[in-house]
Amino acid sequence: MALFLLLLLLLPLFFIPSLAHSLPILFPRAPQSLLANLSESNKYPNLPYTAHYFPQQLDHFSYQPKSYTIFYQKYLINSTFWKRGEPIFVYTGNEGDIEWFAANTGFMMDIAPKFRALLVFIEHRYYGTSKPFGEKSYESADKLGYLNSAQALADYAVLIRSLKQNMSSESSPVVVFGGSYGGMLAAWFRLKYPQIAIGALASSAPILQFDDITPWSSFYDAVSQDYKDESINCFEVIKKGWDELMRLSSIKNGLSELSTTFRTCKNLHSVYQARDWLWEAFVYTAMVDYPTKANFMKPLPANPVQKMCGIIDGFPPEVDILTKVFSAASLYYNYSGSQSCFNIGYEADTHGLGGWNWQACTEMVMPMTCSNKSMFPPSAYDYEEFGDQCERTYGVRPRLHWITTEYGGYNIKQVLSRFGSNIIFSNGMKDPWSRGGVLENLSSSIVALVTAKGAHHVDFRSATEEDPTWLIEQRTLEVEIIRSWIDKYREDEMI
């Protein structure tokens, strides 16, 4: 059970603990009745994008009658700076509402005027409102079986080709962008569909987190190191907190006492509700340890890991451990100070992440363990146990090695230096996912941009006056590289 939780804890590259307690141009349009219903779901009314819906094919890889079933895939457009024939920048959507990613990828909007680029954000199938079977899309493996990365990449390819044709701009070079799982998709899209995209910027893309390419303990070791670098005491208090949590839960009225300590709106019915709540706070705060305030996962101040450790270190020694860890975790959930109690164990999925558990149980198998040197309880990886959980939940077992079979990963420098080109892999070493990323140049045109103080796709965030010099320089270099790709594309057009 432990490893199943660890995998599903972190593999959305966003947390969903539900499966286990332990670890002006003519666009194709959907019918008006459907559009009316979908428009009600817009959570970001001030986004500078217009929403469109593309009639997408259910299955790109077979020719059975059902394969031709159409669903409507959402995508967002901003043409403010665009001129026909100029570049098209496409964001390859992740596991969630596409507006969420558009709202947190201001970098593309910032650089669009420099390139006179059209901006397109495509929602991943089965997420947001792009559900092939509507609200029934998750109800069975028969319906979920069309949810995988290869189908998503094919969606993007078909949509981009159609978009360019409809806009009479087939000469426009396309650059794909993506962060996290979206970054993995951007890199894979460039490799799979080089005739469609001339390059890819893949930020915080852990394409090497599969099989045994990256040590299984690396993710949680990296999270732990983030806290240890801020304060040894902070690290030790969090590390001790797990045992204290389990000890208190085992005594008479322990869960009631924990409910009081954790200021729950409803009484806890399992210690794992409290554990998962703490776990999510410490992991995601490490991921989004941005140098400026942000509201990605939650509203957070600049340098939130430092702030969390400041809370823990600010208590007198005699204060109990759980009060310290609860107070630190509360920064993640209640930085605004607006919550008088916490719905621990009853949190809503506000970002439309519901399909990720299926992906983790099929192809996105990223083994994770917790070593003795991490601040989390030690755990091992048991594929059989994980597979059993998936089979009980969905009736399928994970394909352990499919991602490396489909996209590669082993000997990546040797392989990609022979045929790949025009990919930027950007990673910040504060981001625990960086350990499964590409951290060295693979060739002259497949480059790694690594920053010591960067966090999860921080380069994709909107520029602010508070941005540190290293972040400004990183984005400047990314723009220069993308410019070189487009210039070379234009030169080749002239031949």
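The values are calculated or read from the model by the stated rules, or taken from the named source; none is laboratory data. Everything quoted here is computed from the prediction, not taken from an experiment. Note that each Cβ is placed from the backbone with ideal geometry, even for glycine, and that neighbours are counted across all protein chains shown. Surface accessibility is based on the protein's heavy atoms, side chains included, excluding ligands, DNA and RNA. Shrake-Rupley method; radii C 1.70, N 1.55, O 1.52, S 1.80 Å.
Between Y44 and E135, what is the FRET efficiency for a Förster distance of 25 Å, r being their Cβ-Cβ separation, to the nearest 0.05? Mind dumping the intermediate values first?
Values: r = 21 Å, r/R0 = 0.85.
Computed FRET efficiency for Y44 and E135 comes out at 0.70.
If r is the Cβ-Cβ distance from S270 to D212 and R0 is 35 Å, what FRET efficiency results, to the nearest 0.05? Before the final figure, lay out the partial values.
Numbers: r = 33 Å, r/R0 = 0.94.
Rounded to the nearest 0.05, the efficiency is 0.60.
Is there a quick way to get the dipole size of the chain? I mean about its Cα centre, with the Cβ of Lys and Arg at +1 and of Asp and Glu at -1; what is the value in debye to the nearest 20?
Working: 42 positive and 51 negative charges, 174 e Å.
Its charge dipole is roughly 840 debye.
Going by the alpha-carbon gyration tensor, a ≥ b ≥ c the square roots of its eigenvalues, is segment 127-231 rounded (a/c under 1.5) or, if a/c is not under 1.5, prolate (a/b greater than b/c) versus oblate?
Details: a/c = 2.48, a/b = 1.43, b/c = 1.73.
Note, shape of segment 127-231 comes out oblate.
Using DSSP, restrict attention to beta bridges with both residues in segment 72-220 and report what percent are antiparallel, rounded to the nearest 5. All intermediate terms of the calculation are to be shown ahead of the outcome.
Working: 4 of 18 bridges.
Rounded to the nearest five, the antiparallel share is 20 percent.
Considering only DSSP beta bridges with both partners in segment 355-495, what is the antiparallel share in %, to the nearest 5? Each step should come with its number before you reach the end.
Working: 1 of 8 bridges.
Antiparallel bridges: around 10 percent, rounded to the nearest 5.
Lone cysteines in the chain, defined as no other cysteine's Cβ under 4.7 Å from theirs: which are they?
Taking the Cβ cut-off of 4.7 Å, the unpaired cysteines of the chain are C370.
Just to be sure I understand: of the beta bridges DSSP finds with both ends in the chain, what percent are antiparallel, rounded to 5? Numbers along the way, then the final one.
Values: 15 of 41 bridges.
Counting only bridges with both partners in the chain, antiparallel ones make up about 35 percent.
Stretched out fully, how many nm does the piece from H401 to A150 gain, at 0.36 nm a residue minus the Cα gap?
Numbers: separation 251, 0.36 × 251 = 90.36 nm, distance 1.47 nm.
Between H401 and A150, full extension yields an extra 88.9 nm.
How large is the accessible surface per residue of segment 173-303, computed with a 1.4 Å probe and reported in Å² as a whole number? It would help to have the intermediate numbers written out before the result.
Values: 4330 Å² over 131 residues.
Normalised by residue count, the accessible surface of segment 173-303 is 33 Å².
If you plug each phi of segment 118-127 into the Karplus form 6.51 cos²θ - 1.76 cosθ + 1.60 with θ = phi - 60°, what whole-Hz ³J(HN,Hα) values come out, in order, with x for Gly and Pro?
7, 9, 9, 10, 9, 7, 5, 3, 6, 10
Stretched out fully, how many nm does the piece from M246 to K83 gain, at 0.36 nm a residue minus the Cα gap? Write down the numbers at each step before the final one.
Details: separation 163, 0.36 × 163 = 58.68 nm, distance 6.07 nm.
Additional length available on full extension: 52.6 nm.
In square angstrom, rounded to the nearest 10, how much accessible surface does K74 have for a 1.4 Å probe?
Approximately 10 Å² for this residue.
From a point 7 Å beyond the Cα of F419 in the direction of its Cβ, which residues of segment 176-208 have a backbone N at a distance under 13 Å?
191-195
Starting from the 7 Å offset along Cα-to-Cβ, what nm value, one decimal, do you get for the label separation of D382 and S171?
Computed distance between label sites D382 and S171 equals 6.3 nm.
Can you give the helix-only mean residue ellipticity at 222 nm for the chain, where every DSSP H stretch with n ≥ 4 adds -39500 (n - 2.57) and the sum goes over all residues, rounded to the nearest 500 deg cm²/dmol? Spell out each step's value before the answer.
Numbers: 18 runs with 205 residues, N = 495.
So the helix-based figure for the chain works out to -12500 deg cm²/dmol.
Take T80, T69 and sort them by solvent-accessible surface of the protein heavy atoms, 1.4 Å probe, largest at the top. Before the final figure, lay out each step's value.
Working: T80 100, T69 55 Å².
Ranked list, largest accessible area first: T80, T69.
Note down the accessible area of H457, probe 1.4 Å, to the nearest 10 Å².
Accessible area, nearest 10 Å²: 10 Å².
Would you work out which of F315, M429, Y193 lies farthest towards the positive end of the dipole of the chain, given +1 charges on the beta-carbon of Lys and Arg and -1 on that of Asp and Glu, about the Cα centre?
Looking along the dipole axis, the top candidate is Y193.
Using 0.36 nm per residue, how much length does the chain from S338 to T476 gain when fully extended, once their Cα-Cα distance is taken away?
Working: separation 138, 0.36 × 138 = 49.68 nm, distance 3.79 nm.
Gain on extension, S338 to T476, equals 45.9 nm.
Might you tell me the accessible area per residue for segment 320-472, computed with a 1.4 Å probe and given in Å²? Write out the running numbers ahead of the final one.
Working: 6560 Å² over 153 residues.
Solvent-accessible surface per residue comes out at 43 Å².
Going Cα to Cα from K228, which lysines come in below 27 Å? Please leave out same-chain ones fewer than 8 positions away.
K239, K240, K293, K298, K307, K324, K373, K430, K453
What do you reckon, how do D289, D382 stack up by accessible area (1.4 Å probe), largest on top? Mind showing how you got there, number by number?
Values: D289 5, D382 70 Å².
These residues rank, largest area first, as D382, D289.
Could you tell me which of rounded, prolate or oblate describes segment 302-434, using a ≥ b ≥ c as the square roots of the eigenvalues of the alpha-carbon gyration tensor, with rounded for a/c under 1.5 and, failing that, prolate when a/b is larger than b/c and oblate otherwise? It would help to have the intermediate numbers written out before the result.
Values: a/c = 2.09, a/b = 1.59, b/c = 1.31.
Cα axes put segment 302-434 in the prolate bin.
So for E406, E347, what's the accessible-area order with a 1.4 Å probe, most first? Let's see the in-between values first.
Numbers: E406 50, E347 95 Å².
Ranking E406, E347 by accessible area, largest first, yields E347, E406.
So what is the accessible area of segment 80-169 per residue, in Å², with the probe set to 1.4 Å? Numbers along the way, then the final one.
On the way: 2670 Å² over 90 residues.
Accessible area per residue: 30 Å².
If I compute Rg and Dmax of the Cα atoms in Å from the structure I just sent, which labelled value in (1) 41.3, 144; (2) 22.6, 80; (3) 22.5, 74 lines up?
It is the one labelled (2).
With labels modelled as points extended 7 Å from the Cα through the Cβ direction, what inter-label distance (nm, one decimal) is found for E465 paired with K488?
Roughly 3.9 nm, to one decimal.
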